[in-house]
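Reading through the structure tokens given below for one structure.
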Amino acid sequence: MSTICETFFKGVKVKRLDDEGNSVNVYNKPVVVQLEYDPKGMLVKITEESEQKEFIVCKGSEFARVGRKGIIFKLSTETLLLTFASDEDSNQFTDAVMKIKADKSASVFSERTEESSASQYFQFYGYLSQQQNMMQDFIRTSTYQKAILDNPIDFSGKVILDVGAGSGILSFFAQQSGAKRVYAVEASSIAVHAAKLVAANNVDDVIKVLSGKIEEIQLPEQVDVIISEPMGYMLLNERMLETFLHAKKFLKPGGKMFPSRGDLHVAPFTDEALYMEQFNKVNFWYQEYFHGVNLSSLRNPAMTEYFRQPIVDTFDINICTAKTQRHIIDFQTAHETDLHRIEIPLEFHMLQSGTVHGLAFWFDVAFIGSNVTVWLSTAPTQPLTHWYQVRCLLSQPIFAKQGQLLTGRVLMVANAKQSYDLTIEVKIEGTNTVSSNTLDLKNPYFRYTGVTPAPPPGNTHTSPSEDYWAQMDLAGARQAVNLVNGVIVDGLGHVSLDSGPPAHAHQQPNIHQGSIPATGRREKGSSGSPAPPTSSATSLPFNQLIGGAVSPALLNSTSNQPLNFATSHSGAQAYPVIGDYAMIANNLRHMS
């Protein structure tokens, strides 16, 4: 573990050696060699325009000293000789390399994680674009900031640890809340950028960016609060929660975890279209003459693979056929080993009859502060986050009736790919109807398209056509009331009489898109004489009231009803269309 600092060596000569030991200059002048932190060890960079080079020095790197100032590196594609400008520079560079080579410690993280998975993971989070994706999740970022700022008693004058700090945004929130010191620990190469942000914002006296893994570093002191954003989709993917809990070795007795608790929600769902979408993907492998090749022998393995994919997207809550069950993880008391194997017993009382195609998952986390508790939710009833929701299909759908008891379990077993092997089982009590599936949480199907999910079919209990025409009648009634009372009401609630031209008839008010247009505004005709108001008896909308007349019941209505108006910005009349939404006044008769 070390603080982030980029080291530069100027005046370095770089030569390339061939298999016979002959050398040739890579650059025609001495260059600057830069050292940066890397999760695998140390990154060596040369950023010359003629030829940029970078390579990682790790435990397995081959190198040797040559004379007092030279160091040879045998890389996978070439062998380089670096000759430094001074003995001091050469010794400093060699010391940095030797520290990497001498580190033989095996951490909890390295024992539980495949090297290839860890390398891919840290590379992914080392990109600024990925950090931007998370930071731009307004719900996520704003909820964290509010949870921290609304609990100043937990942060003011306190020592904070930010686990997996990334860009350092949570550390900045802690500093804004009055923290005395913040240790921002980050294992990916984004730590270099986080240190730059801290320095550029002049808060390096408070925020200390440290490079390394929580499982491998040491802190100079114990901390009062641990903050982190360790949730993956379905709460547990990526196994970052284990790192968050491991960090409690640095927490003072009675210290706080932010977030403090995680709730994983599970519910059965019905979605015939989704099931058939996955099922029909297998049709490709039914071909017996694909460019002369019979693919049909792979249809069963393909079917198994598609159904092993968890589906990451969003959906309408009404597809859930029973109330969710909740599995709670208390971050204050849980140990990291508690997350190695999680079994959730299921018991659902069916609220509606239908086909159960699988189980839907989402999570909520709570920040339990001394002042207030703030919740961050990924439920389908809440604004969408970058976690979305997750659905896992059964291999065979089952039919359940309203009132029946659906039991089963969810089994999650952690694997070395920083994910989980997931098994779901359901059974209708009192019958022999059973279904199950095994899924690979590491290989999801990202299905989200940006389109608002439609509610499940069969839940419309009034005639949509009659509802539409009733809304059109209400629109006509509104115009008729304006005529009777001799008033003009625009979308901003401004009221004026029809008599006398408006002071600035040619200027349209700055009305927000979707609001009601001015219904009695006069426009200048081509001859200079004012046009008749739209609420007059000769106006086209008045003479084309849908339904042919105005019902007294509409004028006496005291309920809030939706109206639809077209918003016109030209001299043409506004006609009612679907799309522009407004609410009618409680009593149209009293608008005068």
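Below are the figures for this structure:
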item	result
Which numbered condition ARG447 fails, given (1) of a type in the set (Lys, Arg); (2) modelled with pLDDT of 95 or more; (3) surrounded by 16 or more Cβ atoms within 10 Å (Cβ to Cβ)	(2)
Number of positions in the stretch 272-284 that are of a type in the set (Asp, Glu) and open to solvent by less than 20 Å² (accessible area, probe 1.4 Å)	0
All positions within the stretch 386-406 that are open to solvent by less than 20 Å² (accessible area, probe 1.4 Å) and outside any loop (DSSP other than H, G, I, E, B)	GLN389, VAL390, ARG391, CYS392, LEU393, LEU394, ILE398, ALA400, LEU406
Meets criteria (surrounded by 16 or more Cβ atoms within 10 Å (Cβ to Cβ) and within 21 Å of GLY212 (Cα to Cα)) for PHE173	no
Conditions (1) assigned to a helix (DSSP H, G or I); (2) over 16 Å from the mean Cα position of the chain (by Cα): number failed by SER156	(1)
Matching residues in the stretch 433-442 - criterion: being over 19 Å from MET231 (Cβ atoms) and assigned to a loop (DSSP other than H, G, I, E, B)	THR433
Single match in GLN222, GLN287 (criterion: open to solvent by 10 Å² or more (accessible area, probe 1.4 Å), touching a strand residue (DSSP E or B) at 6+ places or on another chain (Cβ under 6 Å), over 18 Å from ASP313 (Cβ atoms) and polar (S, T, N, Q))	GLN222
Matching residues in the stretch 120-129 - criterion: being surrounded by 14 or more Cβ atoms within 10 Å (Cβ to Cβ) and outside any loop (DSSP other than H, G, I, E, B)	TYR121, PHE122, GLN123, TYR125
Qualifying residue in the stretch 174-182 (condition: within 27 Å of GLY41 (Cα to Cα), among the small types (Gly, Ala, Ser) and at pLDDT 95 or above)	no
Given (1) open to solvent by less than 60 Å² (accessible area, probe 1.4 Å); (2) modelled with pLDDT of 95 or more; (3) in contact with a strand residue (DSSP E or B) (Cβ under 9 Å, 6 or more places away or on another chain), number of the condition SER189 does not satisfy	(2)
Selection from the stretch 130-153 of residues that are open to solvent by 60 Å² or more (accessible area, probe 1.4 Å) and under 13 Å from the mean Cα position of the chain (by Cα)	GLN132, ASN133, MET135, GLN136, PHE138
Some residue of the stretch 32-42 being at negative phi, touching a Cys at 6+ places or on another chain (Cβ under 8 Å) and not in a strand (DSSP E or B)	yes
Extreme residue, most open to solvent (accessible area, probe 1.4 Å), among residues of the stretch 290-312 that are part of a helix (DSSP H, G or I) and aliphatic (A, V, I, L, M)	LEU298
Residue in the stretch 410-432 that is nearest to GLU111 (Cα to Cα), counting only those that are open to solvent by less than 50 Å² (accessible area, probe 1.4 Å), outside any strand (DSSP E or B) and polar (S, T, N, Q)	GLN418
Residue pairs meeting the criteria (Cβ under 7 Å; at least 6 apart or on separate chains; first over 18 Å from HIS193 (Cα atoms) and without any contact (Cβ under 8 Å) to a residue 24 or more places away in the chain, in the stretch 157-180; second basic (Lys, Arg) and part of a loop (DSSP other than H, G, I, E, B))	GLY157/LYS180
Number of positions in the stretch 159-185 that are over 12 Å from GLU229 (Cβ atoms), in contact with a strand residue (DSSP E or B) (Cβ under 9 Å, 6 or more places away or on another chain) and not in a loop (DSSP other than H, G, I, E, B)	11
Count of residues meeting criterion [outside any helix (DSSP H, G or I) and not hydroxyl-bearing (Ser, Thr, Tyr)] in the stretch 243-274	19
From LYS40, LYS101, LYS45, LYS53, residue being within 42 Å of the chain's Cα centre (by Cα), of a type in the set (D, E, K, R), open to solvent by less than 30 Å² (accessible area, probe 1.4 Å) and closer than 27 Å to ALA191 by Cα	LYS53
Pairs, first of a type in the set (D, E, K, R) in the stretch 273-292, second assigned to a helix (DSSP H, G or I), C-beta under 8 Å, six or more apart	LYS281/ALA302; LYS281/TYR306; GLU288/SER296
LYS99 being in contact with a Lys or Arg (Cβ under 9 Å, 6 or more places away or on another chain), at pLDDT below 85 and not in a strand (DSSP E or B)	no
Qualifying positions in the stretch 192-219 - of a type outside the set (Lys, Arg), in contact (Cβ under 8 Å) with a residue 40 or more places away in the chain and surrounded by 17 or more Cβ atoms within 10 Å (Cβ to Cβ)	VAL192, HIS193, ALA194, ALA195, VAL209, LEU210, SER211, GLY212, ILE214, GLU215, ILE217, LEU219
Close pairs from the stretch 65-76: first assigned to a strand (DSSP E or B), partner loosely packed, with under 12 Cβ neighbours inside 10 Å, Cβ under 8 Å, at least 6 apart	ILE71/ALA64; ILE72/ALA64; PHE73/GLU62; LYS74/GLU62
Residue within the stretch 376-385 that is open to solvent by less than 70 Å² (accessible area, probe 1.4 Å) and in a helix (DSSP H, G or I) present	no
Residue check for ALA322: in contact with a helix residue (DSSP H, G or I) (Cβ under 8 Å, 6 or more places away or on another chain) and at pLDDT 95 or above	no
Matching residues in the stretch 454-508 - criterion: being open to solvent by 80 Å² or more (accessible area, probe 1.4 Å), at pLDDT 85 or above and more than 30 Å from ASP313 (Cα to Cα)	GLU466, TRP469
Failed item, numbered, when LEU235 is tested on (1) in contact with a helix residue (DSSP H, G or I) (Cβ under 6 Å, 6 or more places away or on another chain); (2) under 25 Å from HIS386 (Cβ atoms); (3) in contact (Cβ under 8 Å) with a residue 60 or more places away in the chain	(1)
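The values are calculated or read from the model by the stated rules, or taken from the named source; none is laboratory data. Everything quoted here is computed from the prediction, not taken from an experiment. As a convention, Cβ positions derive from the backbone with ideal geometry for all residues, glycine included, and neighbour counts pool all protein chains shown. These area figures cover heavy atoms from the full protein model, side chains too; ligands, DNA and RNA do not enter into them. Shrake-Rupley method; radii C 1.70, N 1.55, O 1.52, S 1.80 Å.
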